[in-house]
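Before any comments, here is the structure.
The values are calculated or read from the model by the stated rules, or taken from the named source; none is laboratory data. This one's a predicted model, so the numbers in the text were calculated from it and none came from an experiment. FYI the Cβ positions are ideal-geometry reconstructions off the backbone, even for glycines, and counts take in every protein chain you see.
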Amino acid sequence: MSAPWVAEIEVPEQLARRLLDEQFPEFRDCPLTLLGEGWDNVAWQVGDGWVFRFPRRQVAADLITAENAVMPGVAEHLTAPVAWPQRVGQPTDDYQWPFAGYSLIKGEELCMAAPPAGRRLLLAEELGKFLRSLHAVSAEEASKLGAPLDTIRRLDIKYRSRRTIEYLARAVDLGLIENLRPWELLLEHVIPLCRQPRSVCLVHGDLYSRHVIVKSADNGGDQDARLADVIDWGDLHVGEPAIDLSCAWSLFDTAGRQLLLDCYGDVDSGTLALARFRAVAHSAVCLVYGRDSGAQQLEQASKDALFWLLED
């Protein structure tokens, strides 16, 4: 099974420094700090107030182009801050893709902060309202801004279910879970309840624990995690609300999930089933990705998600 997260181009500090110095000389004296690497991009913090994302794969370059076009027209209508591209870098002779710079919003990835389930209720409420505001951007509005349709079969049941079983089997081989049978039974139950996906609104497309930034998630304190930012909009598209609502299962236990859905509003049973299916599929991939990339916090968050999925 090939790993889709392998980089086509690495962006070390020297390359990032050169690109910034050439195109954004105002940052010439700002130090660079590696903020993180994902499937598609590497993020460098620039000084104390900026983050620049550089694609690592061709598909990521295509995605960041859509993000650069859409997000400036959407960000102000959302109920929580989002980092939208305020600087757009152009390809050069030694780096063939566009890149983008964002104001840094302080916080931690949810999987890094790792608040216990009982400290996620305010976050669930805020995410439910946030998704309601995002999904209020109609397909027509999003298309006019430049949002693409889904071209990679994110909710193709036949294709994704097969891939999900492959990743779960790999997780068993790696000793991450003991037996894939509970999730096979879950899929057998959920898939017949799923309805055909629709392209009805703007969606984030990849809302999981690395893309949710929280303000306060002190495991030893008495404060709930709060939503600080939703990052990495490269997978935005005109699509199905269920793809984002899957976070109700992948980020929360039963109590948090119900609160998120209550704050979001009415959701039909077919959408809920599709969201749950997406959560299984995505969490299985992220579990293996976390182990393969050495991201222990993501590995644990993905394992938690898979077991939360069995609660209902």
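Quick notes on this structure:
- Any chance Val267 is within 29 Å of Leu174 (Cα to Cα), in contact with a Leu (Cβ under 9 Å, 6 or more places away or on another chain) and either outside the structural domain of Thr79 (by TED's automatic domain parsing) or modelled with pLDDT of 95 or more (or both): no
- Filtered residues of region 132-150 (kept if among the hydrophobic types (A, V, I, L, M, F, W, C) and either in contact with a helix residue (DSSP H, G or I) (Cβ under 6 Å, 6 or more places away or on another chain) or in a loop (DSSP other than H, G, I, E, B) (or both)): Ala136, Val137, Leu145, Ala147
- For the condition part of a helix (DSSP H, G or I) and modelled with pLDDT of 95 or more, Leu63 does not qualify.
- Residue within region 57-67 that is touching a strand residue (DSSP E or B) at 6+ places or on another chain (Cβ under 7 Å) and farther than 25 Å from Leu298 by Cβ present: no
- Looking only at region 128-158, residues that are basic (Lys, Arg) and crowded, with 19+ Cβ neighbours inside 10 Å come to 1 in all.
- Odd one out for Arg153 among (1) in contact (Cβ under 8 Å) with a residue 40 or more places away in the chain; (2) outside any helix (DSSP H, G or I): (1)
- You will find that of Val285, Val267, Val280, the residue that is under 19 Å from Pro197 (Cα atoms), among the β-branched types (Val, Ile, Thr) and assigned to a helix (DSSP H, G or I) is Val280 and no other.
- Leu104 vs. criteria among the aliphatic types (A, V, I, L, M) and at pLDDT below 95: yes
This table checks each residue for (1) surrounded by fewer than 24 Cβ atoms within 10 Å (Cβ to Cβ); (2) over 26 Å from Glu37 (Cβ atoms); (3) touching a Cys at 6+ places or on another chain (Cβ under 7 Å).
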{"site": "Ser246", "(1), (2), (3)": "no, no, no"}
{"site": "Cys263", "(1), (2), (3)": "yes, yes, no"}
{"site": "Phe277", "(1), (2), (3)": "no, yes, yes"}
{"site": "Ser283", "(1), (2), (3)": "no, no, no"}
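- Taking region 20-42 as the range and being buried (at least 21 other Cβ atoms within 10 Å of the Cβ) and not in a loop (DSSP other than H, G, I, E, B) as the test, the residues that pass are Leu20, Asn41, Val42.
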